[in-house]
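Comments concern the structure below.
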Amino acid sequence: MIRVFPDAEALSRAAAALFARAAQRAARLAGRFVVALAGGQTPRRAYEWLTRPECREAVPWEAVHVFWGDERCVPFEDPRSNAWLAHEALLQHVPIPSHQIHPIRCEGDPEEAAVRYEALLRAFFREAPPRFDLILLGLGEDGHTASLFPFHPAVTEQRRWVAAVLEADPPRVTLTLSILNQARRVVFLVTGARKAEILRAVWEGPFDPLRWPAQGVRPGPGRILWMVDAEAAAGLSQIW
C-alpha cells in the first residue's frame, strides 16, 4: 500500500510509468482509460515525465479521458488553476482528443459549477457505480485531499459526487468520497519533509477522516497506493 522512493524525481518517474501501464490495461480491457488528475507541484513533475518519449509513446492517448479531482474557481489561465497546470505540463504536449478533456469550469458560481460537473460525470458514467480507472491525489499539510478540508461538510457528503467548498480562498469544487472510493485505483503522491508529520498522522494516528480527510479515501483492498519520497516517509515508524 505504500512505496518509498529516494527522492521526488524518482517518485515522479515511477508515477508516470504507473499511469502508462494503467492506461494500456484499461484501453485493452474496456476501450478507454478514465483518469482524474490532481493539482500541485508533485503531480506536475509526473505529468512532465509523461511527455517524454518513453512514456508518451506508451500511452494510448486516443483512449484517454481526463477529469479532475478538484479545482479552484479561477479563470483557466490563472496559475492556480489545476486544469491550466495539467495543460501546460502535459495535455498540450500529447495527442489526446480535445473533446476527451473534461475540466471543472467554475469561474462563476461554485455551487452551479458543482452541479454542472456532477451532471457531466453522470452522463459519462452511465453505468453504476461510476469508476475512474485511476485517481491521482495529493496530501495537504492539514490532512486534506482534493478539496476535502478538515471538518467541512463535503467530507461527510454521501449522496453528491461533486461539492462546492465556498469557505476556501478562492472557493473550490471537489469530488467527494462517494465517487473517489469507487475508483479502480487511487494513488497518493506525497513528497517533501513538510509532509512528514501529516503523513504519519494519517497513517499511524486514530481513524478520524473528519479531522484528516485523506483517511476517508478507502476504495478497497489492493486499490490504493501511497507513493512517497524518503523525506515525507521520515516520520513513519515502519513501512508496510
Task: Residue match in the stretch 146-158 (condition: surrounded by fewer than 23 Cβ atoms within 10 Å (Cβ to Cβ) and modelled with pLDDT under 95) - done: yes
- [ ] Go through the stretch 23-75 and give me each residue that's at positive phi and either modelled with pLDDT of 95 or more or in a helix (DSSP H, G or I) (or both).
- [x] Gly31
TODO: Give just the number: which of (1) more than 17 Å from Phe132 (Cβ to Cβ); (2) free of Cβ contacts under 8 Å to residues at least 40 places away in the same chain; (3) open to solvent by less than 30 Å² (accessible area, probe 1.4 Å) does Gln41 not satisfy?
DONE: (3)
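Table: residues versus (1) touching a residue at least 12 places away in the same chain (Cβ under 8 Å); (2) farther than 18 Å from Ser178 by Cβ; (3) not small (Gly, Ala, Ser).
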site: Glu107; (1), (2), (3): yes, yes, yes
site: Ala114; (1), (2), (3): yes, no, no
site: Leu120; (1), (2), (3): yes, no, yes
site: Gly140; (1), (2), (3): yes, yes, no
site: Phe149; (1), (2), (3): yes, no, yes
Open item on the list: Against the definition (of a type in the set (Val, Ile, Thr) and either under 19 Å from Leu121 (Cβ atoms) or in contact with a Lys or Arg (Cβ under 7 Å, 6 or more places away or on another chain) (or both)), how does Val190 come out, yes or no?
Closed with: no
Task: Subset tally (residues that are surrounded by 15 or more Cβ atoms within 10 Å (Cβ to Cβ) and within 17 Å of the chain's Cα centre (by Cα)) for the stretch 203-222 - done: 7
- [ ] Tally the residues that are touching a helix residue (DSSP H, G or I) at 6+ places or on another chain (Cβ under 9 Å) and either under 24 Å from Ile224 (Cβ atoms) or surrounded by 19 or more Cβ atoms within 10 Å (Cβ to Cβ) (or both), restricting the search to the stretch 100-117.
- [x] 4
TODO: Quick one: count up the residues across the stretch 77-99 that are of a type outside the set (Gly, Ala, Ser), open to solvent by less than 20 Å² (accessible area, probe 1.4 Å) and part of a helix (DSSP H, G or I).
DONE: 3
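The values are calculated or read from the model by the stated rules, or taken from the named source; none is laboratory data. Fair warning: this is a prediction, and the values are worked out from it, not measured in the lab. For neighbour counting, all protein chains shown are included, and Cβ atoms are generated from backbone atoms with ideal geometry for every residue, glycine included. The area values use the complete protein model at the heavy-atom level, side chains included, leaving out ligands, DNA and RNA. Shrake-Rupley method; radii C 1.70, N 1.55, O 1.52, S 1.80 Å.
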